[in-house]
Amino acid sequence: MRFGIVTDYFGIKTSLKDSLKLIARAGYKDVEIPGGHLIRDISAPPSASQMRKTFGGVKKLIADLGLTVWQVHGPYGANDLVATSEKERQKNIDVYKRWADCALFFGAKALIIHIGGRNDHCDTKDVRVIRDKNIDSLSQVASTIGNGGLKLALENLPSRCMEVPAAFNIFGNRISDLKELVKAISPAKTGICLDVGHANVEAIDIPLAIKEAGRDLTATHIQENNGVYDMHMFPFSLRARYSKVDWFAIFKAFKDINYPHPLIGECANTGGELPLDLACLYLKNQGRLIAAAMASA
Ligand SMILES: [Mn+2]
């Protein structure tokens, strides 16, 4: 079992190319590229031909550094797949199709998706409407991704947000919600991204959630928090009295289900705040700590 990292770990101001070099220097092999690290306006992702033109060099650098892009992250809460009107929803579906092309370009296994229905981005509060519109929107995106192994990875989202109180989801907080969507859309083309920090905010039994997701688990966001704020810290950053996350039980659960991909840290607690050399050293040593914990779990 390996541990990888998001490329914006160093903060968004460190370019994607510089970040990739630093991540390789820290001894990592596996990454997620967040959409915002590819393009400033995540609502206007590049077309497939623009990708080849603009990011051919990045793709070559990734290969030269021996890195693998397992996950590309779509546009977070923007471009809601439920939306406030059908016209807007259709526009947002087209944006997601482009993000799927980006994920295909990098050979990723998963495009991470925040499902539609965020409280501040759609009018309806009817869970059935939110579910059905997500199924329709995601089926349209799934129809364009081919059979090359890319999956749309639906992320469990928190039902409350301390940082931005209006930005929460009333559906998609539980693995059972996401399994319902996967089954309805296409188990071959969709899966689940387990965000451990979000699950902790929901007070979910995380080892049990891993087993519940089982074969549908196709991407991960490994991150630590105190159960209140969505802190995106490295595992073991908090004392047990502040953290309810049992990382040893979690790593064991991933082993028990034979999870086939590296675990990806969505950790950015030094994001742009430490000098790059120090941030790189921190990343390297956190990686070693987590590898040792994984081995002993
Ligand atoms: Mn996440």
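Readers should treat all values here as calculations from the given coordinates under stated rules, not as data from a laboratory. Nothing here was measured: the structure is a model prediction, and the numbers come from that model. Reconstructed Cβ throughout: ideal geometry from the backbone, glycine too, with neighbour counts over all protein chains shown.
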List the aspartates and glutamates whose alpha-carbon lies under 20 Å from that of residue 91, not counting same-chain residues fewer than 8 positions away? 41, 80, 101, 120, 123, 132, 136
Estimated [θ] at 222 nm from DSSP helical runs (n ≥ 4, -39500 (n - 2.57)) normalised by residues in the chain, nearest 500: -13000 deg cm²/dmol
FRET efficiency (residue 87, residue 13; Cβ distance; R0 30 Å; to 0.05) is 0.30
What order do you get for 161, 267 when you list them from fewest to most C-beta neighbours inside 10 Å? 161, 267
I'd like the chymotrypsin sites (Phe, Trp or Tyr not before Pro) in the stretch 67-111 restricted to DSSP loop residues with at most 14 other Cβ atoms within 10 Å, sorted by number. none
Ranking 212, 88 by Cβ neighbours within 10 Å, fewest first, what do you get? 88, 212
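Dividing the Cα convex hull volume of the stretch 3-296 by residue count, how many Å³ per residue is that? Before the final figure, lay out the partial values.
Values: hull volume 35.1 nm³, N = 294.
Output value, Cα hull per residue: 119 Å³.
Quick one: 14, 84, fewest Cβ neighbours within 10 Å first, how do they rank?
So the residues, fewest neighbours to most, are 84, 14.
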For a quick protection proxy, order the peptides 216-225, 286-295 by their average other-Cβ count within 10 Å, most packed first. 216-225, 286-295
When the chain is treated as a GNM, springs tying every alpha-carbon pair under 10 Å, which of 157, 81, 65 comes out with the largest mean-square fluctuation? 65
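Is there a quick way to get the dipole size of the stretch 3-296? I mean about its Cα centre, with the Cβ of Lys and Arg at +1 and of Asp and Glu at -1; what is the value in debye to the nearest 20?
Values: 36 positive and 32 negative charges, 153 e Å.
With only Lys, Arg, Asp and Glu charged at Cβ, the dipole is about 740 debye.
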Which residues' amide hydrogens lie under 5 Å from the amide hydrogen of residue 192, considering only partners 5 or more residues apart or on another chain, with H built in the peptide plane? 154, 217, 218, 219
Any idea how far apart residue 284 and residue 47 come out in nm if each label point goes 7 Å out from Cα toward Cβ? 4.4
Check cross-link reach from residue 53 to the lysines: straight Cα distance under 16 Å, and skip same-chain residues fewer than eight apart. 17
Plugging the Cβ-Cβ distance of residue 174 and residue 40 into 1/(1 + (r/R0)^6) at R0 = 41 Å yields, to the nearest 0.05, a FRET efficiency of 0.75
Scoring the chain by relative contact order with C-alpha pairs under 8 Å, at least six apart, yields a percentage of 20
For the pair residue 132/residue 274, report the inter-label distance in nm, with labels modelled 7 Å from Cα in the Cβ direction. 5.1
Among 45, 165, 34, residue whose mean-square fluctuation peaks in a GNM of the chain (springs only between Cα atoms under 10 Å): 165
Could you state the number of Å between the C-alpha centres of the stretch 85-134 and the stretch 26-72? 20
